[in-house]
1. Would you please name the residue that is surrounded by the most Cβ atoms within 10 Å (Cβ to Cβ), looking only at residues in the stretch 59-91 that are aliphatic (A, V, I, L, M), part of a helix (DSSP H, G or I) and out of contact with any Lys or Arg (no Cβ under 7 Å at 6 or more places or on another chain)?
2. Those residues that are assigned to a helix (DSSP H, G or I) and in contact (Cβ under 8 Å) with a residue 60 or more places away in the chain, I need them from the stretch 29-45; list them, please.
3. If you check 30, 45, which single one turns out to be surrounded by 15 or more Cβ atoms within 10 Å (Cβ to Cβ) and either closer than 14 Å to residue 71 by Cα or touching a helix residue (DSSP H, G or I) at 6+ places or on another chain (Cβ under 7 Å) (or both)?
4. Please verify whether residue 114 is free of Cβ contacts under 8 Å to residues at least 12 places away in the same chain and either under 22 Å from residue 13 (Cα atoms) or not polar (S, T, N, Q) (or both), treating the condition exactly as stated.
5. Restricting to the stretch 46-58, name every residue that is modelled with pLDDT under 95 and not in a loop (DSSP other than H, G, I, E, B).
6. For the stretch 113-169, enumerate the residues that are outside any helix (DSSP H, G or I) and of a type in the set (Asp, Glu).
Amino acid sequence: MNWLPRPAEGQAWVAPSLLSADFTALKSDVDDMVAAGADLLHLDVMDGHFVPNISFGPFICKAVRQISDLPLDAHLMISHADQYLEAFAKAGVDGLTIHIEAEAEIAPTLARIVELGMKPGLSLNPDTPLESILPWLDQVELVLVMSVQPGFGGQKFNPVALDKISELQRLREAEGHNYLINVDGGINDVTGPQCRQAGADILVSGSWLFGATDRRERISLLRGPNP
């Protein structure tokens, strides 16, 4: 399995969101992001029910696995994530994140993700209080803080995410948890450093990265200075 340790202090891993890729030239876009220094790839899976949009499923994840060795982090914005865990494991996904707001039972779903050899993650929407996920922090290896309402790319960053990131970092240190803190939505050269300074370990960026002429420069801006 491919996965990442906690980044160096003051830095963050950068995860391009393939939702913003050109799917008529997916391999070219993925190869370009790898060459530009991406640390992992973020796969937004939407079912048209949990969120009002449909994106792609395990077959695209499998295709990406065949063209890249980077860690694949799949974000399941689907109502019944527990019904599809095996399919994503077979597709070669390394990390699988489910939503606290979805209809799957949290504890058994996280346990099954581990059984299938993937890293379990838990995500929460901007209007969902952090307290809702506290009972499961010792069972996850990634917490995904949504800084936009999930379902569509290109939205404006909601600063409520910064307080959640800071509190997640505090809890991790105070209680000895091992999860990585991930943030997704409206990440750019202004909001990315803000999240990094608040304690984020992974910054997901879609349109801001894929729309760049110099993707390497933008990844470097998100990652932060060398310690």
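The values are calculated or read from the model by the stated rules, or taken from the named source; none is laboratory data. Everything numeric in this text was worked out from a predicted model, so none of it was measured. Here Cβ is always computed from backbone atoms with ideal geometry, including for glycine, and neighbour counts include all displayed protein chains.
1. 81
2. 29, 32, 33, 35, 36 - these are the residues of the stretch 29-45 that are assigned to a helix (DSSP H, G or I) and in contact (Cβ under 8 Å) with a residue 60 or more places away in the chain.
3. 30
4. It is true that residue 114 is free of Cβ contacts under 8 Å to residues at least 12 places away in the same chain and either under 22 Å from residue 13 (Cα atoms) or not polar (S, T, N, Q) (or both).
5. Result: 46, 47, 54.
6. Applying the first criterion (outside any helix (DSSP H, G or I)) to the stretch 113-169 yields 116-129, 140-159.
Result: 127, 141.
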